[in-house]
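Report on the following structure.
The values are calculated or read from the model by the stated rules, or taken from the named source; none is laboratory data. Because the structure is a prediction, the values reported are computed rather than measured. With ideal geometry, Cβ positions are generated from the backbone for all residues, glycine too; neighbour counts draw on all protein chains shown. Remember, those area values only see protein heavy atoms, side chains included, never the ligands or the DNA or RNA. Shrake-Rupley method; radii C 1.70, N 1.55, O 1.52, S 1.80 Å.
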Amino acid sequence: MTVRVMVVDDHPMWREGVARDLAEAGHVVVATSGEGRQAVRVAAAARPDVVVLDLQLPDVSGVEVIRGLRAVLPQVRVLMLSASGEQQSVLDAIKAGATGYLLKSAAPAEFLAAVRRTAGGEPVFTPGLAGLVLGEYRRLAADPAGPAPATRGIGPAPRLTDRETEVLRLVAKGMSYKQIAERLGLAHRTVQNHVQNTLGKLQLHNRVELTRYAIERGLDD
């Protein structure tokens, strides 16, 4: 799977090293940048599938960059690659629209696998962070004062097939595509297709939003 990637990091040696690893793995590095505002402008023209983004940039925060990227490229996937595993940093990035969050201490093979999975819309987290994010969405879903924007409004929820609902239940439990495929005896691609169809029906953007939607409806029981 060849992925079009943009690398955003203010440390030139690190940025170039990541770009080199990606190219050697067969991916296409469409752009690199060391500043947040420039990254948003360049991404609009380069149209990457995945943006590998550092949290700390010299001009604006990574969270602001995520919002800017999502404004110009709503379907872009953002993989945070940061030295900080601080709880609030992780949650802020995911709430802004990042698909995954990986620490810079990750091994090269782990990073390259994360890029491929991110391109497929699968949330990828350094071990230990997935539980943190899922726990936060459970907390938000239990807060009657703060419903998810995607679930506001009136009218019945879109109708999902039995299989889509089954997959959605497992997504809400924090299972990966691979785990869901093994549980249900399906191909990995089939699970991806079910998730993408469900996202489209519910007018959601990523699996993080989908997880929250499912939790709010009690599908994680």
**Q.** Of all residues in region 106-120 being touching a Leu at 6+ places or on another chain (Cβ under 9 Å) and more than 18 Å from H188 (Cβ to Cβ), the one that is surrounded by the fewest Cβ atoms within 10 Å (Cβ to Cβ)
**A.** E110
Q: Considering each of P58, P74, P123 in turn, give the residue that is over 15 Å from the mean Cα position of the chain (by Cα) and either buried (at least 24 other Cβ atoms within 10 Å of the Cβ) or not polar (S, T, N, Q) (or both).
A: P58
Q: Look through E64, E24 and report the one residue that is surrounded by fewer than 18 Cβ atoms within 10 Å (Cβ to Cβ), on the phi < 0 side of the Ramachandran plot and modelled with pLDDT of 95 or more.
A: E24
Q. Does at least one position in region 194-209 carry a residue that is open to solvent by less than 20 Å² (accessible area, probe 1.4 Å), assigned to a loop (DSSP other than H, G, I, E, B) and closer than 18 Å to A98 by Cβ?
A. yes
**Q.** Enumeration of residues in region 157-171 that are part of a loop (DSSP other than H, G, I, E, B) and either open to solvent by 40 Å² or more (accessible area, probe 1.4 Å) or without any contact (Cβ under 8 Å) to a residue 12 or more places away in the chain (or both)
**A.** A157, P158, R159, T161
Q: Sort out which residues of region 5-27 are closer than 20 Å to E64 by Cβ and basic (K, R), and write them in order of number.
A: R15
Q: Tally the residues that are of a type in the set (A, V, I, L, M, F, W, C), open to solvent by less than 70 Å² (accessible area, probe 1.4 Å) and closer than 16 Å to L55 by Cβ, restricting the search to region 7-21.
A: 3
Q. Between a first residue in region 172-195 that is closer than 18 Å to R212 by Cβ and a second residue that is open to solvent by less than 40 Å² (accessible area, probe 1.4 Å) and of a type in the set (F, W, Y), which pairs have beta carbons less than 8 Å apart while being 6 or more apart in sequence or on different chains?
A. V195/Y177
